[in-house]
Structure formats: C-alpha cells, structure tokens
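To start, the structure under review is shown below, and the notes come after it.
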Number of protein chains: 2
Amino acid sequence: MSKRAKGTLVIIGGAERKDDEKTVLKVVADRIRANQRLLIVTAASYEPADTAQDYIRIFKELGVSQIDVADVRTREDAERQDLVEKCERASAIFFTGGDQLRITSQMGDSPMYQCMKQRYEDGAMIIGTSAGAAAMPFTMIVGGPSDASNRVSALSMAPGLGLLDYVVIDSHFAQRGRMGRLIGAVMQNPRNIGLGIDEATAIVVDKAERFDVVGPGAVYVVDGSQISYSSLSEDHAEGIVTVHDVRLHVLGEGDCYDLSTRRPIVAKEQPANPA
Amino acid sequence: MSKRAKGTLVIIGGAERKDDEKTVLKVVADRIRANQRLLIVTAASYEPADTAQDYIRIFKELGVSQIDVADVRTREDAERQDLVEKCERASAIFFTGGDQLRITSQMGDSPMYQCMKQRYEDGAMIIGTSAGAAAMPFTMIVGGPSDASNRVSALSMAPGLGLLDYVVIDSHFAQRGRMGRLIGAVMQNPRNIGLGIDEATAIVVDKAERFDVVGPGAVYVVDGSQISYSSLSEDHAEGIVTVHDVRLHVLGEGDCYDLSTRRPIVAKEQPANPA
C-alpha cells in the first residue's frame, strides 16, 4: 500500500510547539495551500480540547485558515459520518501526541481510517507528532525503558497505522535517550529501519521513497541489515541483548535519506559564511 | 606505553555502589588477593572523606582487608612522598567519581601519577568509576549535553591519564542518554573507539588488548572506522553534526571485545535452562 501512495508524511519527534521558531509547523503550514483544509485528530491526546485549541491557534498564526477537528475518543466516533466527511475534505491530517494505542485501538480499520488512508494514497499530507509519529509504521513501539539498555522482555510493540513500511519510529529521541530501545526494535526484525527523531525535528517523507530532515535536532537511522550476531533468540531472557554491527547514521536539517536504497544523501554544502 | 602494560584496567560506568548485588565491586575485590593492598584515590570527589569511608566499608565487606586512601586535593598532595609510597605498595588503585578534570589537573605528570603508571605497566590493577572511568584514555570527554544530539560546539574534551590508547570513554551511558556526545567524540578522530558504559557495569581490560563486560547493564562500542561522511569540518558550527556509517555494537555480561582487531567476541552460549 504505502509504496503506491502519492502523499506526504511529516513525522515529528514531539515538542514542536515549544520550538520558538516553529520550524517544523511552518513547513507543514507552508505545504497547506490557501484553499486547502487541515484536520486535527486528537485521538491520542489526554486533553483533546485544549490540545486542539492550541494547534488551531498556532496554525492560524502560521496562515492556515480552514481547520477542522476530529475529537475521536471511541470507535463509534471513528465511524461518525460527519468526521469521515471532514477527513474527505482535508488535504492535511494531523495526529497529535498522547498514547499511540489510543489512535490505533479507536481508529484502526474504521471508516475514518479507511478514508484517511485513501486520502494519503491520493496525495494528501499526513502529519504525526510523538505518539502520532510512532503510530505511522506497520509496527509501532508502544513502550520500553528510555533510560536503560535494552532487555528482551522490556520492549513492547503493537500494530500501527501502516502508512509507512519497513520502518519503526521513536520520538523525543536524544531528549529521552532512546537508542537502546530503538536498537531493540530493529533487532526484532532487521527488515525495519529504525528512525529516532529528536524533539522539534521532523522527517518529511515524499511518496514513501525518501525523506528530508527539518528542524534543529537530529534524526538517527538505525540500519540492522548488516547485523552479524544477535543474542535475541538465546536463553538470556533477563539480560542485556547483545548485538554486533549495527549501522548508524546521524542526520541534521537539510540531509536526506533514500528509504529504498537505505542510503543517506549528503546535504548540499552551504556557501561559507562571510565571517 | 599502554601497549606494553601488564596490568588490568577496570573501567566502571558509575553507580556501582547502588547495585544491590555489587557485581562489579565483587569482581574487583576478588582480584585483590589476600596480602595485597588497595589504594582509593579520591582526587575527583566533591566529598572525598565520605566517599573514601563508603568504599572502605564496602571493600571490607567484600573481604579486602588492607586499604589505603589518597586524598589528593592539590598538586602538592600528588607530590607527597607518603602518598607516592602508598601508590608503590598498592596492587590495586581505585579512582572514584566526581570531576575528571580534578584528577588530571592535580595528578597529571606528578610523582604519584608516574608511580601509578609504573605500577600499571608492572601488572597492577587500576580501577576507575564515572569520572575515574572517563579519565582513563589519552583524551577524555569532560562535557557535553546528555539529553540532546551532538553539535559541533557542545562537546568538550581534555587530555586524560593516558592509560588506554585508541579509545574514548563515557559513563552513565543509557541512564543519561549519551549516545549523541559519544558519537561526537568518535567523529573528532575515528582512530578512537567510543566506549559507552552503563551504570553498575564495567569493562575489564587485560593488557590493553581485550576487554570483558561485567555487570547488569550494557557496553556500547562506537566504531568510526567506516564513517563515509561527516559534516564536522563544514560550516554548520551551530547545527547538528551529520555522520554516515557509524558501526555500533551492544555488549552484555560475558561478552568480549578485541581492541586490536576491533571485533566483538560472542559470549559462550549458556546451556539452555531446563524450564
């Protein structure tokens, strides 16, 4: 599915509202043209009304005039015809942060989800931050320690929205020290590239083929294709999981990564500052 | 120098006193034989007297009976003949945590340092935890953000004790999320392997040739020998440092790493549990 999609994914590492420059949200707003609609989906949020109001305020300041909200709290909500119609009208759909399992358990396979997926395949932009970012892949990380190394039993994963194949995504990456659990997620099946996205930073994925990095932080790419040894299947259920030969890239603003060749693309060199 | 050393280094990621099992300190105590002396050097510590008393208590509980303390607060202390003599008598010298610059600025090139280096070359065991761990290499990490990705200007390094060549060491690794700054340190010169050591966990380095992992956490090995691109020397002084093709190993208890071939060695498989 995702390979055929004509749309764009903007996957944000969280805390983008706290960035004074609003770099990432400006990129989103600039891609929403004058007569296009933005739909804010607060399914993940613990305080959906406040969260929606905050994003509405910010996006209006950034020049987006037509904004709808889908306050999805139950599976019944995700079947409501008025919300499906909002989905149909939207050219950009924004998933807020909170709990990624709320998104998938309330919306998975619902009419709203089917509509959103169709919109993405037809060229719409789907944006997700924090939990909304984690939920993008076919399999999502839902729990695991941020401040300890990976143990076999500590990582939990669940089926995600399935908008981007062959990846697993973690947010708040450097801020919460999540390298251990992202490596753990990649080790479970190295077909998936691990993407660790710092706060206020995003990847913009065009047609599920390549992404560009936007924002002040870094994006970590954990490539398990060359792993030569992993102790995951051995009898050390409580111990540290050993792994050899993980390949790692650290990318910053302007850098690109090709998801099909699994290779980073160097940013164009900036002209030297006349200091 | 370090290549010819006959001694052992025990490099601990900090917080080993808080480990109920005292796994790492037991390994140290077991290597100090009945009639051998341990010298505790509190040069790094902010509360040297309390720190010394705490280690004396723990090591006595672990069966070490002959313990001296070197409370080095000035360069004059590091020249005191009585402390040099304590160094000469010790078969194990333990550097506590605190500030690694206190160790090197007070002890670097002093008579105590010269004596300690000679003892190590002759076969003594040198132990360091936290700041005492960071100080072991020729160049040590002294500062840099733990909760953000690496920027060119953020990392600070300084000349270390020079007991182990071709490495840089960071402690409290997963607990403080220090992958970004360790990669940054390796990028500055990929001749150095980056070793990130979790709390209550240690590497035991024999004759500067190989190490074994001890304790409940992980040891991260960051190998920059295959880095294909780094933006470090470009004009993005305030931005994220891009790097491609870092090689990473995660090692747990019982795993080994060969410092000369730069290859991990798989732990011997445990017999399956009769479950």
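Each value in this text was obtained by applying a stated rule to the coordinates, not by laboratory testing. It should be emphasised that the depicted structure is a prediction, and the values quoted were computed from it without experimental measurement. Cβ coordinates were reconstructed from backbone atoms using ideal geometry, including for glycine residues, and neighbour counts include every protein chain displayed.
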Report task. Name the residues whose placed amide hydrogens come within less than 5 Å of the amide hydrogen of A:Val72, ignoring near sequence neighbours (fewer than 5 apart) on the same chain. Result -> A:Thr42, A:Ala43
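Considering Cα pairs under 8 angstrom that are at least six residues apart, work out the relative contact order of the stretch A:138-196 and quote it in whole percent.
The value is 38 percent.
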Query raised in the report: In the protein assembly as shown, what percentage of the DSSP-assigned beta bridges are antiparallel, given to the nearest 5?
Result: 60
Report task. Grab the residue from chain B whose Cβ hugs the B-to-A rotation axis most tightly, plus its distance in whole angstrom. Result -> B:Gly177, 1
Query raised in the report: Label-to-label distances across copies for A:Ser228, with labels 7 Å out along Cα→Cβ, in nm, shortest first?
Result: 1.8
Query raised in the report: Got a sec to turn the phi values of the stretch A:160-175 into Karplus ³J(HN,Hα) couplings, 6.51 cos²θ - 1.76 cosθ + 1.60 with θ = phi - 60°, whole Hz, x for Gly and Pro?
Result: x, 6, x, 8, 9, 8, 6, 9, 10, 10, 10, 10, 6, 6, 5, 4
Report summary line: With the charge dipole of chain B built from beta-carbon charges (+1 for Lys and Arg, -1 for Asp and Glu) about the Cα centre, the Cα from B:Leu248, B:Thr8, B:Tyr55 projecting farthest to the positive end belongs to B:Thr8
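Relative to the Cα centre, what is the charge dipole magnitude of the stretch A:176-268, using +1 at the beta carbon of each Lys and Arg, -1 at the beta carbon of each Asp and Glu, and rounding to the nearest 20 debye? Walk me through the numbers before you get to the answer.
Numbers: 10 positive and 13 negative charges, 34 e Å.
About 160 debye.
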Query raised in the report: Hey, how many Å between the Cα centroid of the stretch B:41-94 and the Cα centroid of the stretch B:177-234?
Result: 28
Report summary line: Inter-copy distances for B:Asp122, nm, shortest first, label points 7 Å along Cα→Cβ, are 8.3
Query raised in the report: So, with +1 on the Cβ of K and R and -1 on the Cβ of D and E, and no other charges, what is the size of the charge dipole of the protein assembly as shown about its Cα centre, to the nearest 20 debye?
Result: 720
Report summary line: To the nearest 20 debye, chain A has a Cα-centred charge dipole, built from +1 on Lys and Arg Cβ and -1 on Asp and Glu Cβ, of 540
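Do any GluC sites (Glu not before Pro) in the stretch A:74-131 lie in a DSSP loop with no more than 16 other beta carbon atoms within 10 Å, and if so, which? Let's see the in-between values first.
Working: sites: A:Glu76, A:Glu79, A:Glu85, A:Glu88, A:Glu121; in loops: A:Glu76.
For GluC sites (Glu not before Pro) across the stretch A:74-131 that sit outside H, G, I, E and B with at most 16 neighbouring Cβ atoms in 10 Å, the list reads A:Glu76.
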Query - Karplus (6.51, -1.76, 1.60) ³J(HN,Hα), θ = phi - 60°, over the stretch A:135-150, in Hz, Gly and Pro reported as x - result: 6, 4, x, 5, 10, 10, 7, 10, x, x, x, 8, 10, 8, 6, 6
Query - Relative contact order, percent, the stretch B:67-125 [alpha-carbon distance under 8 Å, six or more residues apart] - result: 45
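What longest region of chain A stays clear of trypsin sites (Lys or Arg not before Pro) that DSSP places outside H, G, I, E and B and that have at most 14 other Cβ atoms within 10 Å? Before the final figure, lay out each step's value.
Details: sites that count: A:Lys6, A:Arg33, A:Arg73, A:Arg75, A:Arg191, A:Arg262, A:Lys268.
The answer is A:76-190.
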**Report entry** Amide H partners (placed H, <5 Å) of B:Ala90, local residues excluded
**Finding:** none
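Give the calculated FRET efficiency between A:Thr261 and B:Asp82 to the nearest 0.05, with a Förster radius of 60 Å applied to their Cβ-Cβ distance. Intermediate results must be reported in sequence, preceding the final value.
Values: r = 65 Å, r/R0 = 1.09.
Given R0 = 60 Å and the Cβ-Cβ separation, E is 0.40.
So for the stretch A:63-204: antiparallel DSSP bridges make up what percent, rounded to the nearest 5? Show your work: numbers first, answer last.
Values: 4 of 13 bridges.
Counting DSSP beta bridges with both partners in the stretch A:63-204, the antiparallel share is about 30 percent.
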Report summary line: Dividing the mean separation of Cα pairs under 8 Å (6+ apart) by the residue count of chain B yields a relative contact order in percent of 20
**Report entry** Distances in nm from B:Asp50 to the matching label points in the other copies, shortest first (labels 7 Å along Cα to Cβ)
**Finding:** 3.8
Requested in this report: Among the aspartates and glutamates, select those whose C-alpha is under 12 Å from the C-alpha of B:Lys26, and discard any that sit fewer than 8 residues away in the same chain.
Outcome: B:Glu16, B:Glu61
